[in-house]
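Novice: I'd like to ask you about the structure that follows.
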Amino acid sequence: MKEYQLIIFDWDGTLMDSVGRIVSSMQKAAQVCNLPVPAIHSVKDIIGLSLQVSMQRLFPLASDEQRNMLIQHYSNYYKHLDDTPTPLFSGVNGMMRQLHANGKQLAVATGKSRSGLERVLAETEMAELFCSRRGADEAKSKPDPLMLQQILDELKLPAHRAVMVGDSVHDLAMARAIGMDSIGVTWGVHDRALLEQHQPVAIVDSVPDLHLHLNARRLS
């Protein structure tokens, strides 16, 4: 197994079990705006994209004004009104702290806004673990690799020293576009068959298996 200096994580569906709240909040926002309610699988498919891109894909016939209203209602439901739990996946907190203690550089590249990311980092008390983070409002939406390039530039590292970890095809396609290795996880929004299409170096089914891959040491 290859040793990586920098590990870049997606957030929703990878570290945090927030998919249920995202789906529920999006469906409720559509109802309030009197627009067709998207199916669960349709909402899952856009998780990881920026909100603007997500609204365009889910509601292609909506006007710009309607999409702006959707974003407002979605954000309000997600942050304040929807009480669907959003815990870290079991084992994630311990894994992240152990990786950090072992000298790995950790970063986040997420479809959340920067303010949304900072909010959940504070709630989970994980902010101190990440040396760099990028939200969807600071770069182009996944799968464009700009946010990965920004992180690499900030930390002055080449792509081959880093790996992207994510649960969606958007994460893996983003890494592939910049020549970065990726690892897919199957407990989020996309299954193994879809993840395999983007040629990750590994696909894992549990947090302990992910930890083994990420804590690899090069033999000498």
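The values are calculated or read from the model by the stated rules, or taken from the named source; none is laboratory data. For clarity, every value in this text was computed on a predicted model and none was experimentally measured. Ideal geometry is used to build each Cβ from the backbone, glycine not excepted, and the neighbour counts take in all protein chains shown. Remember, those area values only see protein heavy atoms, side chains included, never the ligands or the DNA or RNA. Shrake-Rupley method; radii C 1.70, N 1.55, O 1.52, S 1.80 Å.
Novice: Pick from Leu194, Leu219, Leu212: which is open to solvent by 30 Å² or more (accessible area, probe 1.4 Å), farther than 20 Å from Ser90 by Cβ, aliphatic (A, V, I, L, M) and at pLDDT below 95?
Specialist: When all the criteria are applied, what remains is Leu219.
Novice: Same structure again: Which members of segment 96-123 meet the condition of being assigned to a helix (DSSP H, G or I) and over 20 Å from Leu210 (Cα atoms)?
Specialist: Listed by number, the residues that qualify are Arg114, Ser115, Gly116, Leu117, Glu118, Arg119, Val120, Leu121, Ala122, Glu123.
Novice: For segment 163-178, indicate whether the set of residues that are open to solvent by 10 Å² or more (accessible area, probe 1.4 Å), over 15 Å from Leu15 (Cα atoms), out of contact with any Ser or Thr (no Cβ under 7 Å at 6 or more places or on another chain) and in a loop (DSSP other than H, G, I, E, B) is non-empty.
Specialist: Taking every residue of segment 163-178 in turn, none turns out to be open to solvent by 10 Å² or more (accessible area, probe 1.4 Å), over 15 Å from Leu15 (Cα atoms), out of contact with any Ser or Thr (no Cβ under 7 Å at 6 or more places or on another chain) and in a loop (DSSP other than H, G, I, E, B).
Novice: Quick one: which of Ser54, Ser50, Ser90, Ser63 is among the small types (Gly, Ala, Ser), over 28 Å from Leu157 (Cβ atoms) and open to solvent by less than 30 Å² (accessible area, probe 1.4 Å)?
Specialist: On inspection, the qualifying residue turns out to be Ser54.
Novice: Okay, moving on. Does segment 4-50 hold any residues that are over 17 Å from the mean Cα position of the chain (by Cα) and of a type in the set (Val, Ile, Thr), and which are they?
Specialist: Val32, Val37, Ile40
Novice: Just name the residue that is surrounded by the fewest Cβ atoms within 10 Å (Cβ to Cβ) out of those in segment 144-162 that are outside any helix (DSSP H, G or I) and not small (Gly, Ala, Ser).
Specialist: Among those that are outside any helix (DSSP H, G or I) and not small (Gly, Ala, Ser), it is Lys156.
Novice: Would you pick out the residues in segment 99-143 that are under 15 Å from Ser54 (Cα atoms), among the basic types (Lys, Arg) and surrounded by fewer than 18 Cβ atoms within 10 Å (Cβ to Cβ)?
Specialist: Matches in segment 99-143: Lys140 only.
Novice: Right, Ala162: free of Cβ contacts under 8 Å to residues at least 12 places away in the same chain and of a type outside the set (D, E, K, R) or not?
Specialist: In short, no.
Each row is one residue, and each column tells you yes or no for (1) farther than 30 Å from Leu152 by Cα; (2) in a helix (DSSP H, G or I); (3) open to solvent by less than 30 Å² (accessible area, probe 1.4 Å).
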{"residue": "Gln27", "(1), (2), (3)": "yes, yes, no"}
{"residue": "Ser42", "(1), (2), (3)": "yes, yes, no"}
{"residue": "Leu70", "(1), (2), (3)": "yes, yes, yes"}
{"residue": "Tyr77", "(1), (2), (3)": "yes, yes, no"}
{"residue": "Pro85", "(1), (2), (3)": "yes, no, no"}
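Novice: Given the conditions (1) touching a residue at least 12 places away in the same chain (Cβ under 8 Å); (2) farther than 15 Å from Gly13 by Cα; (3) surrounded by fewer than 21 Cβ atoms within 10 Å (Cβ to Cβ), which single one is not true for Ser182?
Specialist: Checking Ser182 against (1) touching a residue at least 12 places away in the same chain (Cβ under 8 Å); (2) farther than 15 Å from Gly13 by Cα; (3) surrounded by fewer than 21 Cβ atoms within 10 Å (Cβ to Cβ), the one that fails is (3).
Novice: Just the residues that are in a helix (DSSP H, G or I), open to solvent by 40 Å² or more (accessible area, probe 1.4 Å) and in contact (Cβ under 8 Å) with a residue 60 or more places away in the chain, please, taken from segment 198-209.
Specialist: Result: Pro208, single match.
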